[in-house]
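**Q** Could you have a look at this structure, given as structure tokens, before my questions?
The values are calculated or read from the model by the stated rules, or taken from the named source; none is laboratory data. The model shown is predicted, which means the values in this text are computed figures rather than measured ones. Backbone-built Cβ (ideal geometry, glycine too); neighbour counts: all protein chains shown. With ligands, DNA and RNA removed, areas are computed over all heavy atoms of the protein, side chains included. Shrake-Rupley method; radii C 1.70, N 1.55, O 1.52, S 1.80 Å.
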Amino acid sequence: TVHGPATAADALRLLREQDAGRAALVVGGGAGDGAEAGQESAAGAGGTDVSPEPGGTETFPEPGGAGPVPAVELVRAPHGLLPAVRRLLRDVVVVGSLDDAEKLIAAHPELTAVTGDGDVLGAHFAQGGSAGAPSLLEVQASVDEAAGRLAELAVRCEELA
């Protein structure tokens, strides 16, 4: 648990900078969800028309670019799934960077911002970091290798003594 979206964004930046893996965080102390204030979502109640044709290109806003893009505009789905996709992505926008996400959520806490790097930031939830951290199997293999080398060195020390 972290206090506020800004602290969550800082934690995600630290994970990315130190290549320390990913985390999902519950954000406490953030602004309300906006429902009580009657605020509208980025895509509006009806959502954005999503083309059912396959082969759409995946694009993300450039850092410092034109601003957030409703995620539903970037998704292609079969016609039968469009209502579900619109509902799921109703308050989700794609932004160029984690800094952009932080600014957006400060101004519009009812939204969830997603970056091209895969970071997700909202008023009550954050997820992201780096994908480069070693897996548990890789860590265990390194520990086993180090233990083996230590045993070899212990034998060598006894021989030299």
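**Q** At pLDDT 95 or above, over 13 Å from the mean Cα position of the chain (by Cα) and open to solvent by less than 40 Å² (accessible area, probe 1.4 Å): does that describe L111?
**A** Judged against the criteria, L111 is a match.
**Q** How many residues, within the stretch 129-142, are of a type in the set (G, A, S) and part of a helix (DSSP H, G or I)?
**A** 2
**Q** Right, here's the next one. Would you check which residues across the stretch 9-26 are among the hydrophobic types (A, V, I, L, M, F, W, C) and either open to solvent by 40 Å² or more (accessible area, probe 1.4 Å) or more than 11 Å from the chain's Cα centre (by Cα) (or both) and list them?
**A** A11, L14, L15, A20, A24, V26
Here's the yes/no breakdown for (1) assigned to a strand (DSSP E or B); (2) at pLDDT below 90:
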position: R90; (1), (2): no, no
position: V94; (1), (2): yes, no
position: A106; (1), (2): no, no
position: D117; (1), (2): no, yes
position: L121; (1), (2): yes, no
position: Q127; (1), (2): yes, no
position: D144; (1), (2): no, yes
position: R149; (1), (2): no, no
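**Q** Also, quick follow-up: For residues that are farther than 20 Å from H108 by Cα and in contact (Cβ under 8 Å) with a residue 24 or more places away in the chain, tally how many sit in the stretch 1-16.
**A** The total comes to 5.
**Q** Still on this structure: Sort out which residues of the stretch 79-96 are open to solvent by 80 Å² or more (accessible area, probe 1.4 Å) and over 21 Å from the mean Cα position of the chain (by Cα), and write them in order of number.
**A** H79, L81, P83
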